[in-house]
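S.K.: My questions all concern the structure below.
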Amino acid sequence: MTLEVGRPLQGAPLGHERASLLDVKDLSVEFRLRKKVVHAVNGFSCSVSPGETLAILGESGSGKSVTAHAIMGTLNTTTAKVTGGEVWFEGRDLLRLPDRERRRVRGRKIAIIFQDSLSALNPLFTVANQIGEMFRFHDGMNKRAAERAAVDLMGRVGIPDARRRAGAYPHEFSGGMRQRIMIAMALALDPALLIADEPTTALDVTVQAQIMELLKDLQREMGMGLVLITHDLGVVADMADRIVVMYAGKAVEVSPVHDLYSSPGHPYTAGLLQSIPRLDSAEDELRPIGGAPPDMTRLATGCSFQPRCRWAQNICKGEPPPLRTVADGRRSACHFAEAVLHGDEAVLHGDQAVLVGDEASGDEHA
């Protein structure tokens, strides 16, 4: 496949016809341990357009962060290996670029905000030095000019008294301020795409809201694409344009954000929504998802979610359901997706012999 910038992405969701900035196709990543192979990502696909916010949502261990590192080219190659797929960005497959070319893309074209700002920042260097390194390495600035640019960026992301605090070290900042420093580093070179991997982890609710509002404002100002990786449904409700729900290393549902919250199209998504308190729900009690996340060294046959699914039927143990179109702009990897979408209890509980969508053509691109 050759991606032509400026043309609609083939297989893009209905109603999503803008040119693709990032196009991930059938990505697979394995971690090879002494006696086991962990299948961390298993044929994951998604696309992001310029200026769009795509949220990748799922429990811990679903493969979200591994996908981000595979896109960036920052996997630990001693244990991790990309075993298949393509990552197209601005017309080039990043997985097939030489390391030198990949480094030129990383930081300048695609940037990432890591989830643990304290461990991501070097405790031995001032924050201005670390932000300025982006300008020194990519633009060849001298140290003084790079530090001036770093101070400007610190002010841009809302760090008060930036000139004075530029000489401080990471441990001298609060968690929220450290996350702003990470954002400043990521935005230093005006990237076309920003990946935010759990950007509000370990922050209190008020600071979370401030960080998300800052990202939204900066994205609007710069027109960049944003991939927001999180397990928190509340974080993405007012932030994302579309959501990809990830389970066992695969996309199991793709939907515009408001459609997904009002009527989920996959049992896993429905379970996630029922396990959090919502002001728009009349439910008196939360309903947690039963069981535990899958063992990625021994995935179940058939649908990966069927061991935990309260609507699982015999067919769910057979051929894995493809990610297919079930409504305008919506895809789901469930044999009974239409029944889940419309709350058809008779079909979901096996009271009807009709398999919803059994003749639908497969469509695996998110």
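S.K.: For Ala251, list long-range residues whose amide hydrogen, built 1.01 Å from N in the peptide plane, is under 5 Å from its own amide hydrogen.
M.R.: Result for Ala251 returns Ser45.
S.K.: Could I ask something else about it? Note down the magnitude of the dipole of the chain about its Cα centre, charges +1 on Lys and Arg C-beta and -1 on Asp and Glu C-beta and zero elsewhere, to the nearest 20 debye.
M.R.: Its charge dipole is roughly 1920 debye.
S.K.: OK, next. Which entries in Lys35/Lys250; Lys81/Lys109; Lys81/Lys143 show an alpha-carbon gap greater than 30 Å?
M.R.: From the list (Lys35/Lys250; Lys81/Lys109; Lys81/Lys143), the Cα-Cα distance tops 30 Å for Lys81/Lys143.
S.K.: Give me the distance between the Cα centres of the stretch 293-322 and the stretch 22-65, rounded to whole Å.
M.R.: Between the Cα centres of the stretch 293-322 and the stretch 22-65 lies a distance of 18 Å.
S.K.: List, in order, the whole-Hz ³J(HN,Hα) value for each residue of the stretch 258-267 obtained from phi through the Karplus relation with A = 6.51, B = -1.76, C = 1.60 and θ = phi - 60°; use x for Gly and Pro.
M.R.: 6, 5, 5, 5, 7, 8, x, x, 9, x
S.K.: Can you give the net charge of the other residues whose Cβ lies under 12 Å from the Cβ of Leu189, counting K and R as +1 and D and E as -1?
M.R.: Details: positive: Arg104, Arg106, Arg108, Lys109, Arg136; negative: Glu133, Asp139, Asp190.
Summing Lys/Arg as +1 and Asp/Glu as -1 gives +2.
S.K.: Continuing with the same structure: Name the longest site-free stretch of the chain, where the excluded sites are GluC sites (Glu not before Pro) in a DSSP loop with no more than 12 other beta-carbon atoms within 10 Å.
M.R.: Numbers: sites that count: Glu4, Glu17, Glu283, Glu285, Glu359.
Longest run free of exposed loop sites: 18-282.
S.K.: Please report the carbon-and-sulfur percent of the accessible area for the chain; probe 1.4 Å, protein heavy atoms only, DNA, RNA and ligands left out.
M.R.: The C+S portion of the solvent-accessible surface of the chain is 50 percent.
S.K.: Given the protein chains as shown and a 1.4 Å probe, how many square angstrom of His171 are accessible, to the nearest 10?
M.R.: 130 Å²
S.K.: Residues with beta-carbon under 13 Å from that of Leu299, excluding Leu299: net charge, scoring Lys, Arg +1 and Asp, Glu -1? Spell out each step's value before the answer.
M.R.: Details: positive: Lys36, Lys250, Arg298, Arg308, Lys317; negative: Glu30, Asp295.
So the environment of Leu299 carries a net charge of +3.
S.K.: Using Cα springs under 10 Å in a Gaussian network model of the chain, which residue among Val245, Val38, Val257 shows the largest mean-square fluctuation?
M.R.: Val38
S.K.: Quick one: net charge of Met141's neighbours, Cβ under 12 Å, K/R +1, D/E -1?
M.R.: +1
The values are calculated or read from the model by the stated rules, or taken from the named source; none is laboratory data. Just so you know, these numbers come straight off a predicted model, no measurement behind them. Quick reminder, even Gly has a Cβ in these numbers, built from the backbone with ideal geometry, and neighbours come from all protein chains shown. These accessible areas exclude ligands, DNA and RNA; they are computed on the full protein's heavy atoms, side chains included. Shrake-Rupley method; radii C 1.70, N 1.55, O 1.52, S 1.80 Å.
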